[in-house]
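Read through the structure below, which is laid out as structure tokens, and then see the notes.
The values are calculated or read from the model by the stated rules, or taken from the named source; none is laboratory data. Quick caveat: nothing in here was measured; it's all calculated off a predicted structure. Positions of Cβ are generated from backbone atoms using ideal geometry, with glycine treated the same way; all protein chains shown enter the neighbour counts.
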Amino acid sequence: MNKAFFFPGTFLLAAALLLAGCAGSPQVRFYALTPLEQPGPGFPPSQAEPPPSVTIAPIEIPDYLDRPQIVTREGENALTLAEFDRWAGSLRDNMSTVLMENLSVLLGSKQIFVHPRIRTEQSDYLLALRVLRLDCTPGDQVLLKAQWTIFPGQNREGMTEMATLTEPLADSRYETLAAAVSRVLARLSVEIAGNLRQGFRQ
């Protein structure tokens, strides 16, 4: 009967090759969106007393964006998934949190909530936001097209608006891309805050 012999040298060689392969694998990098720290020039402080309360409904985003990998566009119809450059968590949740923080800064209100909320009383406004497009083209631009509806109080008739905003991308780094998405979301927040102000001035 033939016996299989195991040589220690063979084991060491195999282990070395395995470790070398692991060491050569690219590391996954994670990115998150950042909120506004202050309203910025040209946006006057809120005069509402008391500040309004707003509940943000779950944001809708296209299915192809609802994944860990950062998705970029090539040409008109091609999409690329970055296997080693990912969002740090759910992009949908990150956008909701950043929008909440942005509106809190822009409206001077601590009563901006993301659904589901802990408090049970009715908010002054319900905000429903749908992202129609978020096209990130490395070395070119980030394009955000969004539609939102603001429902005041108990009134079921809301005001619907739409905007298309762009931010340039100076290079192809994903860090640059994440910063540009943060800026374009900040600009969208400014437009939404302006609509909310019109509502509580009426």
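Structure notes:
- Comparison of 73, 133 shows that the only residue that is more than 24 Å from residue 39 (Cβ to Cβ) and either surrounded by fewer than 16 Cβ atoms within 10 Å (Cβ to Cβ) or among the small types (Gly, Ala, Ser) (or both) is 133.
- Scan of region 86-104 for residues that are over 15 Å from residue 58 (Cβ atoms), of a type outside the set (Ser, Thr, Tyr) and buried (at least 20 other Cβ atoms within 10 Å of the Cβ), ordered by number: 87, 102, 103
- Output for region 94-112, where each listed residue is farther than 11 Å from residue 54 by Cβ and small (Gly, Ala, Ser): 96, 108
- Within region 52-70, considering residues that are part of a strand (DSSP E or B) and more than 12 Å from the chain's Cα centre (by Cα), the one surrounded by the fewest Cβ atoms within 10 Å (Cβ to Cβ): 69
- Each residue in region 163-202 was checked for being farther than 16 Å from residue 85 by Cα and either out of contact with any Lys or Arg (no Cβ under 8 Å at 6 or more places or on another chain) or surrounded by fewer than 17 Cβ atoms within 10 Å (Cβ to Cβ) (or both), and 27 pass.
Here is a yes/no grid of residues against (1) in a helix (DSSP H, G or I); (2) over 18 Å from residue 71 (Cβ atoms); (3) modelled with pLDDT under 95; (4) not hydrophobic (A, V, I, L, M, F, W, C):
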{"residue": "175", "(1), (2), (3), (4)": "yes, no, no, yes"}
{"residue": "178", "(1), (2), (3), (4)": "yes, no, no, no"}
{"residue": "181", "(1), (2), (3), (4)": "yes, no, no, no"}
{"residue": "184", "(1), (2), (3), (4)": "yes, no, no, no"}
{"residue": "192", "(1), (2), (3), (4)": "yes, yes, no, no"}
{"residue": "198", "(1), (2), (3), (4)": "yes, yes, yes, yes"}
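- Count of region 148-173 residues which are in a loop (DSSP other than H, G, I, E, B) and among the hydroxyl-bearing types (Ser, Thr, Tyr): 1
- Pairing residues of region 171-187 that are under 12 Å from residue 36 (Cα atoms) with residues that are β-branched (Val, Ile, Thr) and part of a helix (DSSP H, G or I), at Cβ distances under 9 Å and at least 6 apart in sequence or on separate chains, gives 182/98; 185/98; 186/98.
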